[in-house]
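J.: For reference, the structure I am asking about is given below.
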Amino acid sequence: MAEHERDVVSPDADLDERALEGALRPKRLEDFVGQERVREQLSLVLRGAQRRGRAPDHVLMSGGPGLGKTTLAMIIAAELGAPLRITSGPAIERSGDLAAVLSTLQEGEVLFLDEIHRMARPAEEMLYVAMEDFRVDVVVGKGPGATAIPLDIAPFTLVGATTRAGLLPAPLRDRFGFTAHMDFYRADELELILRRSAGLLGAHLDDDAAVEIAGRSRGTPRIANRLLRRVRDYAEVRGDGRLTLDIAHAALSLYEVDAQGLDRLDRAVLDALLRRFRGGPVGLSTLAVSVGEEPETVEVVAEPFLVRSGFIARTPRGRVATPEAWSHMGLAAPPDAAFGAGVPADGTATAPAGP
Ligand SMILES: Nc1ncnc2c1ncn2[C@@H]1O[C@H](COP(=O)(O)OP(=O)(O)OP(=O)(O)O)[C@@H](O)[C@H]1O
Ligand SMILES: [Mg+2]
């Protein structure tokens, strides 16, 4: 990807940002904003297990980056009053790595396995058995003489997180008693998150500024918190420290995040699609060339949000701009624009981005 300042609306976080995020994480279920259904379902699963005095079912959390999977995993352990062990798919390169973790779990411990879809294949089978029977088969010796010695392990609760649930083999998916699907957040939920974060940061955030930042956060708490930090910097350096609507506008336009949360690359893609290709249809690689990017960058970095927001539709003949794209970019659609010629304006867009 080219070196434009993509990070400000990227849903991913680097290590430095992850360290900052720790301070803003809600610690209990009641402080976790939004995802009402998931929260209610999870609360029942946890309470039910506590009443029976047993470890709850294994929980799988699926959803995009920055939507709160790690936060929820920590909350599960806190709600159960159980110790938490954290590992991740990439850290488990062979089954021995997993055996070492499983065999040292305490009774009732919560094992958080982040990026579970990236775990080594041989370890997956070991995990099936551990999840179902709380047993690990330790292989001793090599070749034809090797024997598997079953070893009992303490009953535990596995909390798996994945951004790619579709990559999990069915037998693994089936062994989770409960799957939490994390969705994008509504603007009013993001406002609450922003108010809470501002409180924790000791920043004074005006209500209309919270609304403004929420609307540009692409449905993602991580992005909301990041934009809040940028606005706070601006307020401290160029203002009196107070996060007002004017300060929010100025800061966000400095970072080139527009009213719908589109950044420079998103707008460049839309602009090319509208002006050069009259709204399409146009092939991905042609579109990418015209904005000076690799097709993959356009497809992976810009397009998903443009499609989700209902600005671009993917059709068999190529990418097509919707009427919303024309109006968002302040342009009039030509009378022969493709969406008027039999291509549904909403195309394959899954859901509107919300207000
Ligand atoms: N429901 C929520 N309420 C308040 N803050 C939230 C919520 N969800 C996420 N956050 C905040 O957003 C940030 C990112 O959340 P988290 O690390 O849990 O995302 P994630 O889904 O694990 O992302 P990744 O897939 O990149 O690991 C954290 O700072 C967290 O405090
Ligand atoms: Mg995470």
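J.: Taking PHE184 and the conditions (1) within 16 Å of ligand 1 (Cβ to nearest atom); (2) aromatic (Phe, Trp, Tyr); (3) in contact with an Asp or Glu (Cβ under 6 Å, 6 or more places away or on another chain), which numbered condition does it fall short on, given that it satisfies the others?
T.: Of (1) within 16 Å of ligand 1 (Cβ to nearest atom); (2) aromatic (Phe, Trp, Tyr); (3) in contact with an Asp or Glu (Cβ under 6 Å, 6 or more places away or on another chain), only one is false for PHE184: (3).
J.: Given the residues ASP207, ASP174, ASP152, which is the only one that is within 28 Å of the chain's Cα centre (by Cα) and assigned by TED's automatic domain parsing to the domain that holds GLY89? I'd like the intermediate steps shown before the answer.
T.: Values: ASP207 fails: assigned by TED's automatic domain parsing to the domain that holds GLY89; ASP152 fails: within 28 Å of the chain's Cα centre (by Cα).
Criteria check complete, one pass: ASP174.
J.: I'd like the full set of residues that are buried (at least 18 other Cβ atoms within 10 Å of the Cβ) and farther than 26 Å from PHE305 by Cβ, limited to the stretch 161-202.
T.: Hits for the stretch 161-202 are LEU172, ARG175, PHE176.
J.: Output yes when any residue across the stretch 329-344 is over 15 Å from PHE277 (Cα atoms), at pLDDT 90 or above and not hydrophobic (A, V, I, L, M, F, W, C), and no when none is.
T.: Yes.
J.: Are any residues in the stretch 136-161 in a strand (DSSP E or B) and either touching a residue at least 60 places away in the same chain (Cβ under 8 Å) or polar (S, T, N, Q) (or both), and if so, which ones?
T.: Of the stretch 136-161, the ones in a strand (DSSP E or B) are 136-140, 147-152, 157-161.
If the condition is that a residue be in a strand (DSSP E or B) and either touching a residue at least 60 places away in the same chain (Cβ under 8 Å) or polar (S, T, N, Q) (or both), then THR147, THR157, LEU158, VAL159, GLY160, ALA161 are the ones that fit.
J.: Please identify the pairs in which a residue from the stretch 268-292 that is more than 25 Å from VAL257 (Cβ to Cβ) has its Cβ atom under 7 Å from the Cβ atom of a residue that is assigned to a helix (DSSP H, G or I) and among the aliphatic types (A, V, I, L, M), counting only partners at least 6 apart or on another chain.
T.: If the second residue must be assigned to a helix (DSSP H, G or I) and among the aliphatic types (A, V, I, L, M), the pairs left are PRO281/ALA338; VAL282/LEU273.
J.: Please verify whether the stretch 40-47 includes one or more residues that are outside any helix (DSSP H, G or I), more than 20 Å from GLU132 (Cβ to Cβ) and aliphatic (A, V, I, L, M).
T.: Checking the stretch 40-47: not a single residue is outside any helix (DSSP H, G or I), more than 20 Å from GLU132 (Cβ to Cβ) and aliphatic (A, V, I, L, M).
J.: What are the residues in the stretch 24-55 that are within 9 Å of ligand 1 (Cβ to nearest atom) and over 16 Å from VAL159 (Cα atoms), if any?
T.: Result: LEU24, ARG25, PRO26, ASP31, PHE32, VAL33, GLY34, GLN35.
J.: Sticking with this one: Hey, among LEU105, LEU67, which residue is away from ligand 1 (no atom under 16 Å from the Cβ) and either at positive phi or among the hydrophobic types (A, V, I, L, M, F, W, C) (or both)? If you could, list the steps in order and put the result at the bottom.
T.: Working: LEU67 fails: away from ligand 1 (no atom under 16 Å from the Cβ).
None of the other options fit; the residue is LEU105.
J.: Right, another one. Quick one: in the stretch 20-59, of everything that is of a type in the set (Gly, Ala, Ser) and within 17 Å of the chain's Cα centre (by Cα), which residue is farthest from ligand 2 (Cβ to nearest atom)?
T.: Let us first name the residues in the stretch 20-59 that are of a type in the set (Gly, Ala, Ser), namely 22-23, 34, 43, 48-49, 53, 55.
Filter once more, keeping what is within 17 Å of the chain's Cα centre (by Cα): 22, 34.
On the way: GLY22: 11, GLY34: 16 Å.
It comes out as GLY34.
J.: In the set ILE149, ILE213, ILE153, which member is more than 16 Å from ligand 2 (Cβ to nearest atom), out of contact with any helix residue (DSSP H, G or I) (no Cβ under 8 Å at 6 or more places or on another chain) and among the aliphatic types (A, V, I, L, M)? Walk me through it before giving the result.
T.: On the way: ILE213 fails: out of contact with any helix residue (DSSP H, G or I) (no Cβ under 8 Å at 6 or more places or on another chain); ILE153 fails: out of contact with any helix residue (DSSP H, G or I) (no Cβ under 8 Å at 6 or more places or on another chain).
Criteria check complete, one pass: ILE149.
J.: Looking at the stretch 219-257, which of its residues are charged (D, E, K, R) and without any contact (Cβ under 8 Å) to a residue 60 or more places away in the chain? Don't jump to the end; show me each part of the working.
T.: In the first step, residues of the stretch 219-257 are kept if they are charged (D, E, K, R); the result is 222, 226, 229-230, 232-233, 236, 238, 240, 242, 246, 256.
Those that are charged (D, E, K, R) and without any contact (Cβ under 8 Å) to a residue 60 or more places away in the chain: ARG232, ASP233, GLU236, ARG238, ASP240, ARG242, ASP246.
The values are calculated or read from the model by the stated rules, or taken from the named source; none is laboratory data. These figures come from a predicted structure and were not determined experimentally. Positions of Cβ are generated from backbone atoms using ideal geometry, with glycine treated the same way; all protein chains shown enter the neighbour counts.
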